[in-house]
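Step one of this worksheet: look at the structure below.
The values are calculated or read from the model by the stated rules, or taken from the named source; none is laboratory data. A quick note: this is a predicted structure, and the numbers were derived from the prediction, not measured. Here the Cβ positions follow ideal geometry from the backbone for every residue, glycine too, while neighbour counts run over all protein chains shown. Heavy atoms of the whole protein, side chains included, go into the accessibility calculation; ligands, DNA and RNA do not. Shrake-Rupley method; radii C 1.70, N 1.55, O 1.52, S 1.80 Å.
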Amino acid sequence: MSLNISADFDSGNIEVIDASDSQRIELAIRPDSNSPHYQWFHFKVDGLIPGQHYHFRLGNAAGASYGHAWHGYNAVASTDHQSWFRVPSSFDGQALSFRFEASHRQAWFAYFEPYSRERHTRLIEQALSNAGCQLLATGHSVEGRDIALLRKGDGAPGKRKIWIIAQQHPGEHMAEWFIEGIIERLQEPADAALQTLLAAADLYLVPNMNPDGAFHGHLRTNARGKDLNRAWQDSNAQDTPEVFFIQQQMEQYGVDAFIDAHGDEDIPYVFTAACEGNPGYSPRQAALEAQFRSTLEGITPDFQSLHGYPRSAPGQANMSLACNSVGERYQCLALTLEMPFKDHDNAPNPHTGWSGQRSKALGRDVLGALAQMVQALR
Ligand code: ZN
């Protein structure tokens, strides 16, 4: 019986090189369309024999965008496309390999628990019908997919405007799980911290900045091959309409705090990066960043500030990044929040690694941290 391996679905990505030997199933990750980036994979295997072992090999892993980041990484698998678990994986400097004992005829494998477009649609509906959000505006991606900008709050004068955007990098599916946690918490009216936050602030939420890239199974870029988180100095309606739209909306409504949710391929911790290399970086921004980090550390052991990226030297920030561009333009707290693809080494969970559920819990906790410092934001 032969295996049928497919990736012709939402966020699917794999190329089958040779599936004739179950002990050496040769696969490759397809690059983003119009860009050499690749690392995200997501595929379905049909025709498995329960009880039999299979050996999958992603032969071009070393050439991925973050080839060194496969060390210490374990792939995720699912037998129902709902519940995901880690499969022990190894990287030999060339290929990423994992063995799998089949329990069902079908299995799915991915770089991280995928956040589907179908789930995205349900999330927007839930935000509007149960979480009291309004659809403030809808932008369109290169290929015409909707980009929803939600607002929780009435836009009254004096309210702080907190923007939280996600999945500029389309393979970083943890970012939309993070937003789902936020939207879930918005449905709990008895939550005192939430009420404190919403009395003083409106939330501007973009659950998915890059729907084309996510749909096509990209790691890094939109349908034109553009990295949206390198487009904040020169966005335009043709190549990067996703960023262009959000920048217009920010100009219209203003920004008092900004969080841009991402996933990091390499570092097994949750951390933030800030805009300390900006020309206009101020002591006030530094104080707000420190306050955010210490507050969130006090709320959840899943956040820490020891591990992360090296700090930019003064004046050396890459201004094409959202965090730096927004921080400079609006002189506000501006953070890139990174979650791991691997596990969180301070609180490891060998069964799931870092997961959709843990990303959701972090989203909830970030609202708690913002509630504690909302008066200081402007
Ligand atoms: Zn990213």
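Here is how the numbers come out for the structure above:
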read-out: Which numbered condition residue 183 fails, given (1) surrounded by 21 or more Cβ atoms within 10 Å (Cβ to Cβ); (2) within 14 Å of the ligand (Cβ to nearest atom); (3) not small (Gly, Ala, Ser); value: (2)
read-out: Residues of segment 13-23 that turn out to be surrounded by 15 or more Cβ atoms within 10 Å (Cβ to Cβ) and either touching a His at 6+ places or on another chain (Cβ under 6 Å) or not assigned by TED's automatic domain parsing to the domain that holds residue 51 (or both), as a count; value: 1
read-out: Check on residue 242, crowded, with 20+ Cβ neighbours inside 10 Å and either assigned to a loop (DSSP other than H, G, I, E, B) or assigned by TED's automatic domain parsing to the domain that holds residue 372 (or both); value: yes
read-out: Residue list for segment 257-310, restricted to those being crowded, with 17+ Cβ neighbours inside 10 Å, touching a Phe, Trp or Tyr at 6+ places or on another chain (Cβ under 7 Å) and in a loop (DSSP other than H, G, I, E, B); value: 265, 270, 275, 304, 308
read-out: Residue satisfying condition, being open to solvent by 30 Å² or more (accessible area, probe 1.4 Å) and part of a loop (DSSP other than H, G, I, E, B), within set 222, 208, 236; value: 236
read-out: Number of the condition not met by residue 82 [criteria: (1) more than 25 Å from residue 221 (Cα to Cα); (2) touching a strand residue (DSSP E or B) at 6+ places or on another chain (Cβ under 7 Å); (3) surrounded by fewer than 19 Cβ atoms within 10 Å (Cβ to Cβ)]; value: (2)
read-out: Residue check for residue 119: under 18 Å from the mean Cα position of the chain (by Cα), more than 16 Å from the ligand (Cβ to nearest atom), charged (D, E, K, R) and open to solvent by 60 Å² or more (accessible area, probe 1.4 Å); value: yes
read-out: Residue ID - most open to solvent (accessible area, probe 1.4 Å), chosen from residues in segment 336-378 that are among the hydroxyl-bearing types (Ser, Thr, Tyr) and within 25 Å of residue 96 (Cα to Cα); value: 352
read-out: Whichever residue in segment 336-356 is within 16 Å of the ligand (Cβ to nearest atom) and not in a strand (DSSP E or B) and, among such residues, is farthest from residue 176 (Cα to Cα); value: 342
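To keep it simple, each residue is scored yes or no on (1) of a type in the set (Asp, Glu); (2) part of a helix (DSSP H, G or I); (3) within 16 Å of the ligand (Cβ to nearest atom); (4) surrounded by fewer than 22 Cβ atoms within 10 Å (Cβ to Cβ).
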position: 138; (1), (2), (3), (4): no, no, no, yes
position: 148; (1), (2), (3), (4): no, no, no, yes
position: 154; (1), (2), (3), (4): yes, no, no, yes
position: 187; (1), (2), (3), (4): no, no, no, yes
position: 193; (1), (2), (3), (4): no, yes, no, yes
position: 203; (1), (2), (3), (4): no, no, no, no
position: 214; (1), (2), (3), (4): no, yes, yes, no
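Here is a yes/no grid of residues against (1) outside the structural domain of residue 68 (by TED's automatic domain parsing); (2) part of a helix (DSSP H, G or I):
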{"position": "93", "(1), (2)": "no, no"}
{"position": "103", "(1), (2)": "no, no"}
{"position": "122", "(1), (2)": "yes, yes"}
{"position": "126", "(1), (2)": "yes, yes"}
{"position": "135", "(1), (2)": "yes, no"}
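Let's see how each residue does on (1) modelled with pLDDT of 95 or more; (2) farther than 19 Å from residue 7 by Cα; (3) assigned to a loop (DSSP other than H, G, I, E, B):
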{"position": "30", "(1), (2), (3)": "yes, no, yes"}
{"position": "45", "(1), (2), (3)": "yes, no, no"}
{"position": "51", "(1), (2), (3)": "yes, yes, yes"}
{"position": "72", "(1), (2), (3)": "yes, yes, yes"}
